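This report concerns only the one structure given below.
The values are calculated or read from the model by the stated rules, or taken from the named source; none is laboratory data. None of these values were measured; they are calculated from a predicted model. Glycine also receives a Cβ, built like all others from the backbone with ideal geometry; neighbour counts cover every protein chain displayed.
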Amino acid sequence: MHSCLGVLRLLAALGCLLAAAPVRARGAEGRSAPEPAVPAVLDPGREPRPGSLLAGGVALVPGLLIHGSGHFALGERQSACRLLATQGAGLAGVIGGIGLLSAVGASEKLAVLYVPLTVGGLGLFGVSFLADVVGAVHGRRPWPEPVVPPGITVRAGYVGLFGSKHSFRHLGELGVEWRAERLVLDGQATLHPQGDFGEYRCLAGWRLWAPSGDPVTRLSLVAELARQGFHTEGFAVTTVRALGELRWNLGDFLPTMQNAWLLGRLGGGFDSLDFAGTSADDDGLPFLVAELGLGLMATDRVEAELAYRHRKGELPGGMAIGDGMAGFAGMLELRGRVAVGRRWALVPGVRLGTGVMPWLSLESRLF
């Protein structure tokens with residue numbers, strides 16, 4: 001019996017058996033001592049593993065060209081292969097999308113063919129690189145879970161606009177949000193102090209699906225209505241959008257990115273333009289909305305999200321990439337949230353397009 005137990009158990013279990021042997025010899029209890037339990041084995045691929053700054057450096061060089069290098073240096077071979085495959089899929093999407101763009105002469109009517117392919121390819125390429133760097137430094141352990149309690153929040157802050165063709169530079173922002181278990185309603189006004197510009201925007205989001213036990217993954221339907229008034233230029237734009245939004249827990253793909261999320265939005269809308277009260281000839285011109293990004297909770301109080309937004313009609317306007325692709329590209333947006341108390345938070349961000357648009361708001365949860 002002692003030899004069998006010595007094979008099946010660790011040294012700690014052997015110590016327990018040796019301590020119990022005198023009791024059995026004396027027969028004081030009339031029965032043998034209870035056998036110690038075998039320590040549980042963690043699920044392979046889920047046991048914690050610390051990150052490494054060296055692996056993070058490898059994710060930068062040569063990881064910029066070979067995605068997954070950081071995870072390979074960390075010993076996460078399966079994750080490294082997945083990141084490399086994601087990079088390949090992203091490159092294929094970019095090449096295919098640009099090829100279609102050239103073949104159809106950048107026709108807006110055929111944007112539904114080349115925009116999702118190009119944006120998806122760029123997004124996968126960027127996400128695979130960022131996930132390699134961040135995951136290699138962080139290691140195989142969960143990120144904090146995002147928690148957005150229901151209630152009403154109000155916010156106020158500053159918005160800047162620099163390097164843009166528009167004359168106004170400094171704006172104020174006011175907003176209010178009501179969040180229930182599945183429904184979100186948000187209203188926002190962005191105004192120039194001298195009245196050169198005014199934007200009014202409202203949003204409604206409905207959560208369609210979320211798996212039980214997963215604090216991140218969810219599928220939602222979002223509708224937006226906005227009106228921008230460029231008073232010095234003498235025109236206004238009314239925009240209607242409807243899109244689907246997916247947040248997917250990257251922990252299902254990479255153990256080092258548990259509770260971080262891949263963000264994807266796809267939908268469409270139309271713009272209605274009027275100049276001094278007269279509608280333009282292309283009134284109601286439809287367009288496509290496509291976004292892809294990466295988000296995570298860096299700490300229990302700090303949230304960050306980086307995304308490419310194919311929305312050319314919003315400030316500061318889409319990026320211009322040469323004369324041949326002028327107006328094709330969208331914007332890069334980095335958005336954050338820093339909780340500074342139980343009811344207060346700072347909401348910083350910056351958007352890069354034709355110009356640079358930074359903002360900083362103070363948010364307060366009323367109840």
If we ask which residues in the stretch 176-202 are closer than 19 Å to GLY313 by Cα and out of contact with any Phe, Trp or Tyr (no Cβ under 6 Å at 6 or more places or on another chain), their number turns out to be 9
In the set VAL133, VAL115, VAL159, the lone residue that is outside the structural domain of GLY68 (by TED's automatic domain parsing) and not basic (Lys, Arg) is VAL159
Please verify whether LEU124 is within 20 Å of the chain's Cα centre (by Cα) and surrounded by fewer than 21 Cβ atoms within 10 Å (Cβ to Cβ), treating the condition exactly as stated.
no
Of the residues in the stretch 182-193 that are without any contact (Cβ under 8 Å) to a residue 24 or more places away in the chain and over 17 Å from VAL148 (Cα atoms), the one that is surrounded by the fewest Cβ atoms within 10 Å (Cβ to Cβ) is PRO193
Within the stretch 346-367, the residues that are within 29 Å of HIS166 (Cβ to Cβ) and either without any contact (Cβ under 8 Å) to a residue 60 or more places away in the chain or surrounded by fewer than 16 Cβ atoms within 10 Å (Cβ to Cβ) (or both) are LEU346, PRO348, GLY349, VAL350, ARG351, LEU352, GLY353, VAL356, PRO358, LEU360, LEU362
So for the stretch 47-70 (the condition being at positive phi, at pLDDT below 95 and in the same structural domain as PHE129 (by TED's automatic domain parsing)), does at least one residue qualify? no
Requiring at least 1 residues that are closer than 22 Å to PHE367 by Cβ, the strands (runs of 3 or more DSSP E) wholly within the stretch 134-249 are 151-160, 170-179, 183-191, 197-209
Right, VAL119: of a type in the set (Val, Ile, Thr) and either within 30 Å of GLY229 (Cβ to Cβ) or exposed (fewer than 13 other Cβ atoms within 10 Å of the Cβ) (or both) or not?
yes
Of the conditions (1) within 15 Å of GLY135 (Cβ to Cβ); (2) surrounded by 18 or more Cβ atoms within 10 Å (Cβ to Cβ); (3) of a type in the set (A, V, I, L, M), the single one that LEU60 does not satisfy is (2)
Only one of ASP323, ASP283, ASP274 is in contact with a Ser or Thr (Cβ under 6 Å, 6 or more places away or on another chain), acidic (Asp, Glu) and at pLDDT below 95, namely ASP283
**Asked** Does the stretch 289-308 include one or more residues that are over 18 Å from the mean Cα position of the chain (by Cα) and at pLDDT below 90?
**Response** no
Subset of the stretch 147-176, residues touching a Gly at 6+ places or on another chain (Cβ under 8 Å) and under 30 Å from TRP209 (Cβ atoms), comes to VAL154, ARG155, GLY175, VAL176
Would you be able to say whether some residue in the stretch 161-181 is crowded, with 18+ Cβ neighbours inside 10 Å, basic (Lys, Arg) and at pLDDT 90 or above? no
Over the stretch 334-345, the set of residues surrounded by fewer than 19 Cβ atoms within 10 Å (Cβ to Cβ), closer than 18 Å to PRO150 by Cα and among the charged types (D, E, K, R) is ARG342, ARG343
Note: among SER79, SER107, just one is in contact with a helix residue (DSSP H, G or I) (Cβ under 7 Å, 6 or more places away or on another chain), of a type in the set (Ser, Thr, Tyr) and not assigned by TED's automatic domain parsing to the domain that holds ALA298, namely SER79
